[in-house]
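Visitor: Quick one: this structure, given as structure tokens, is what I'll be asking you about.
The values are calculated or read from the model by the stated rules, or taken from the named source; none is laboratory data. Note that the structure is predicted; figures quoted are calculated from it, not measured. As a convention, Cβ positions derive from the backbone with ideal geometry for all residues, glycine included, and neighbour counts pool all protein chains shown. Ligands, DNA and RNA are stripped out before the accessible areas are found, and what is left, the full protein with its side chains, is counted by its heavy atoms. Shrake-Rupley method; radii C 1.70, N 1.55, O 1.52, S 1.80 Å.
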Amino acid sequence: GWSGDGRKLFVNLQENNALVTIEFSKRGQRISTRIDALGLKDWSSRGGTDGLDLVEDGDCQLAKYNGFFSLRLADSITVVNIDGRDFILAANEGDDKEYGDFEELQKEDEVLDKTGQVLLPNMVATRRVVRNHKSKLARGAEPDTRIGLGSTAVDYSVPGRPVLNRLVSHGARGISIYRADRRALKLAWDSGSDFEREQCAAFPWAHNGLQDASFAPVDGVLYNASGEGFRAVIEERNAFPDGKGCADGGDNNTGACPLGQTVDERSPRDGAAPEAVVAGVACGRLLAVATTEKQSSAFIYDITVVSRPKLLFVRHLSPASKLKNPGVAYGGRELGEIDPESLVFLEAEFSPSGKAGVLFAGATSGTVSFWEFSC
């Protein structure tokens, strides 16, 4: 996104957890480039949140864990200018890198056993990491919680003897707002535990659940257009009882599970995983709208006072998903948006109806809807 004066371009580097600022002269020539890290989110008692859900029990249980952090790894950013100052909004989904057979994100119980013994060849862990790992398990966190093995978590100074010195997950389960100062990018606000807490309060059947392309019906359009590998993924998602399917996909037949039957499935991984964020003026206020990728929930904030945003309400873009899998809901023409990756905020002067609203595009559902604000 561009700065208010059109002189700076802010570029997101998702897998690097960073933002590039490119400054241009009045003649359009690049005169400087800066890279700022988006930082870590602290889930301990000192982190200023209500905690996160790492327990896959079909319920909403937020807890704080000492020594547990998240890379933000924003999937989407948008820029707003308030009183001449630029602010960058980031939707902190989380993602990981793969290098051939190596995956940066690993299950914690494949890195450390329950006693804290390191399971990877030649790697060692600090006493603090072992203590925090055992404390997490004692409090009920899933043993297979995903943690990263990038340089934020592991010291590779001695290549033959890497040191695990921090437990770091991917995705900060919310949105952040950064102030773009001349010399640095500074965190102005973070949504804390809003996404998990408020999604659960409004739509407990969607809490940290999962709906994506793998829930497509066997022998459907996507299945028939896919290669052998992804067909096998779809088949497993639809298989019951020998796979990940359900006894009732929403039409009294076995098939892929409805979203309402996947509660907590993403808790050990990235939770709510916000995918996109946009901002604009509606009803005389500056609003931000963010969506979660796997649960299709939309969060609407009033960010007029940018240092103290207020969550106004939460909406679900696919209510039918509570009881119906995507294939069944699509067949009934009631699917809505699944995986709303792309949003467009239309202020009143650009809206076809004359009212401000948001266009939501579902990447998995292949659908678009327009929601207006009522003032």
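Visitor: Would it be correct to say that LEU62 is surrounded by fewer than 21 Cβ atoms within 10 Å (Cβ to Cβ) and either in contact with a strand residue (DSSP E or B) (Cβ under 6 Å, 6 or more places away or on another chain) or modelled with pLDDT of 95 or more (or both)?
Guide: yes
Visitor: Keeping to region 157-194, report how many residues are of a type in the set (A, V, I, L, M), surrounded by fewer than 22 Cβ atoms within 10 Å (Cβ to Cβ) and part of a loop (DSSP other than H, G, I, E, B).
Guide: Number satisfying all stated conditions: 2.
Visitor: While we're looking at this one, here's another question. Quick check on my filter: what residues within region 284-312 are open to solvent by 10 Å² or more (accessible area, probe 1.4 Å) and touching a helix residue (DSSP H, G or I) at 6+ places or on another chain (Cβ under 8 Å)?
Guide: Once the filter is applied, which keeps residues that are open to solvent by 10 Å² or more (accessible area, probe 1.4 Å) and touching a helix residue (DSSP H, G or I) at 6+ places or on another chain (Cβ under 8 Å), region 284-312 yields only LEU311.
Visitor: Identify, please: which residue in region 331-369 is open to solvent by 70 Å² or more (accessible area, probe 1.4 Å) and hydrophobic (A, V, I, L, M, F, W, C) and is, among those, nearest to VAL314 (Cα to Cα)?
Guide: Across region 331-369, the extreme among qualifying residues is VAL368.
Visitor: Looking at region 1-28, I want the residues that are over 27 Å from SER70 (Cβ atoms) and open to solvent by 60 Å² or more (accessible area, probe 1.4 Å) and have a partner that is modelled with pLDDT of 95 or more and of a type in the set (Gly, Ala, Ser) with Cβ atoms under 6 Å, at least 6 apart or on another chain. Which pairs are those?
Guide: none
Visitor: With of a type outside the set (Ser, Thr, Tyr) and either in contact with a strand residue (DSSP E or B) (Cβ under 8 Å, 6 or more places away or on another chain) or within 23 Å of GLY94 (Cα to Cα) (or both) as the only criterion, which of PRO319, PRO268, PRO326 stands out?
Guide: Of the residues listed, the single one that is of a type outside the set (Ser, Thr, Tyr) and either in contact with a strand residue (DSSP E or B) (Cβ under 8 Å, 6 or more places away or on another chain) or within 23 Å of GLY94 (Cα to Cα) (or both) is PRO268.
Visitor: In region 38-51, how many are under 30 Å from GLU98 (Cβ atoms) and without any contact (Cβ under 8 Å) to a residue 24 or more places away in the chain?
Guide: 1
Visitor: Which ranges mark the strands (runs of 3 or more DSSP E) fully within region 74-122 that have 2 or more residues being over 17 Å from ASP36 (Cβ atoms) and not hydroxyl-bearing (Ser, Thr, Tyr)?
Guide: Per the criteria, 76-82, 105-107.
Visitor: Among the residues of region 29-55, what is the count of those that are at pLDDT below 95 and buried (at least 17 other Cβ atoms within 10 Å of the Cβ)?
Guide: Here the count works out to 0.
Visitor: Return yes or no: is GLY249 touching a helix residue (DSSP H, G or I) at 6+ places or on another chain (Cβ under 6 Å), closer than 25 Å to GLY171 by Cα and open to solvent by less than 20 Å² (accessible area, probe 1.4 Å)?
Guide: no
Visitor: Among the numbered criteria (1) in a loop (DSSP other than H, G, I, E, B); (2) within 30 Å of LEU286 (Cα to Cα); (3) among the charged types (D, E, K, R), which one does ARG34 miss?
Guide: (1)
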